[in-house]
Amino acid sequence: MTAGDEQRMRFVFALRQRGVMEMRVLEAMEKIDRGAFVKGIFADRAYEDMPLPIACGQTISQPSVVGLMTQALAVEPRHKVLEVGTGSGYQAAVLSQLARRVYTVDRHRRLVKEAQEVFARLGLANITALATDGTRGFPEQAPFDRIMVTAAAEDPPGPLLSELKPGGIMVVPVGQSDTVQSLVKVTRTEGGFDYEELRQVRFVPLVEGMGQEN
Ligand code: SAH
């Protein structure tokens, strides 16, 4: 067994311990190397279960949270998925293993560009990353089977709700502050929306408008 194999085994073991049980999700996360999405001084911590800083003052989420959110989204192979909050691109890459097509958007152009480079390097051809404000939805490709928001909103954004197909699911961290947020699973029903609170989480805020480039 090489050091890499052992690292990967420990990574997946930690995910299972924290409640990521679905085989398809575990396989996707075993396959997508988180190390490819973490740069610089934090690169050697890529396989630990912690969020890490990325460019533009943002963070790559904790792997177990990525796993639990992906599991909650119940993605099927024929699905078209929207992610709001590309960040490093890691979550989109995991989703790309489970869905037919993934659209991911971020308000920071630099993050989108860097994520596109990693997707190309890893040969992930079913992801489209774009710089746009996700609070306004993504009408060009709507409606979606699944929507994942990886930044915290005060309320699930209306344009995103309206872009969910009937029976569609959105997972979104909701909270009025930086410290107390709950992960909410929204299901579009015949007559409206069902809301289910899953767990406490902590995400960077969803911010309206495009990011200032530096
Ligand atoms: N999913 C990412 C982590 C996301 S961090 C990963 O796997 O690495 C949250 C991201 O949401 C940040 O990159 C931030 O720029 C982005 N974001 C915040 N508000 C946004 C908005 N209105 N539209 C699009 N992206 C937004």
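Quick one: how many residues across region 61-80 are in a helix (DSSP H, G or I) and not small (Gly, Ala, Ser)?
Total meeting the criteria: 8.
Matching residues to (1) within 12 Å of the chain's Cα centre (by Cα); (2) surrounded by 18 or more Cβ atoms within 10 Å (Cβ to Cβ):
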| site | (1), (2) |
| --- | --- |
| 94 | yes, yes |
| 102 | yes, yes |
| 105 | yes, yes |
| 122 | no, no |
| 125 | no, no |
| 129 | no, yes |
| 136 | no, no |
| 140 | no, no |
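Please find, within region 142-153, the residue that is surrounded by the most Cβ atoms within 10 Å (Cβ to Cβ) out of those that are outside any loop (DSSP other than H, G, I, E, B) and within 14 Å of the ligand (Cβ to nearest atom).
The residue in question is 147.
Name the one entry in 159, 166, 143 that is within 20 Å of residue 211 (Cα to Cα), modelled with pLDDT of 95 or more and of a type outside the set (S, T, N, Q).
The conditions single out 159.
Pairs, please: C-beta under 7 Å, at least 6 apart or cross-chain, first residue among the aromatic types (Phe, Trp, Tyr) and in region 195-214, second away from the ligand (no atom under 11 Å from the Cβ)?
Taking only residues 6 or more apart or on different chains, the pairs are 195/184; 195/186; 203/181.
For region 154-186: of the residues being out of contact with any strand residue (DSSP E or B) (no Cβ under 6 Å at 6 or more places or on another chain) and among the aliphatic types (A, V, I, L, M), which is surrounded by the fewest Cβ atoms within 10 Å (Cβ to Cβ)?
In this case the residue turns out to be 180.
Among the residues that make up region 191-201, is at least one of them in contact with a helix residue (DSSP H, G or I) (Cβ under 7 Å, 6 or more places away or on another chain) and within 14 Å of the ligand (Cβ to nearest atom)?
yes
Which of the residues belonging to region 90-107 are within 10 Å of the ligand (Cβ to nearest atom) and out of contact with any Ser or Thr (no Cβ under 8 Å at 6 or more places or on another chain)?
Hit for region 90-107 is 93, nothing else.
Among 36, 3, which is out of contact with any Pro (no Cβ under 6 Å at 6 or more places or on another chain), under 21 Å from residue 92 (Cα atoms) and of a type in the set (A, V, I, L, M)?
36
Which numbered condition trips up residue 87, out of (1) assigned to a loop (DSSP other than H, G, I, E, B); (2) more than 8 Å from the ligand (Cβ to nearest atom)?
Going through (1) assigned to a loop (DSSP other than H, G, I, E, B); (2) more than 8 Å from the ligand (Cβ to nearest atom) one by one, residue 87 breaks only (2).
Kindly provide the set of residues from region 19-60 that are surrounded by fewer than 14 Cβ atoms within 10 Å (Cβ to Cβ), part of a loop (DSSP other than H, G, I, E, B) and touching a Leu at 6+ places or on another chain (Cβ under 8 Å), ordered by number.
Result: 19, single match.
Of all residues being within 23 Å of residue 51 (Cβ to Cβ) and among the small types (Gly, Ala, Ser) in region 169-214, which is modelled with the lowest pLDDT? Just the residue, please.
The extreme case among them is 177.
Just one of the numbered conditions (1) surrounded by 24 or more Cβ atoms within 10 Å (Cβ to Cβ); (2) within 18 Å of residue 183 (Cβ to Cβ) is not true of residue 89; which one?
Here residue 89 clears every test but (2).
Of the residues in region 31-50, how many are of a type outside the set (D, E, K, R) and in contact (Cβ under 8 Å) with a residue 60 or more places away in the chain?
3
Consider region 187-214. How many of its residues are assigned to a strand (DSSP E or B) and surrounded by fewer than 17 Cβ atoms within 10 Å (Cβ to Cβ)?
10
The values are calculated or read from the model by the stated rules, or taken from the named source; none is laboratory data. For clarity, every value in this text was computed on a predicted model and none was experimentally measured. Quick reminder, even Gly has a Cβ in these numbers, built from the backbone with ideal geometry, and neighbours come from all protein chains shown.
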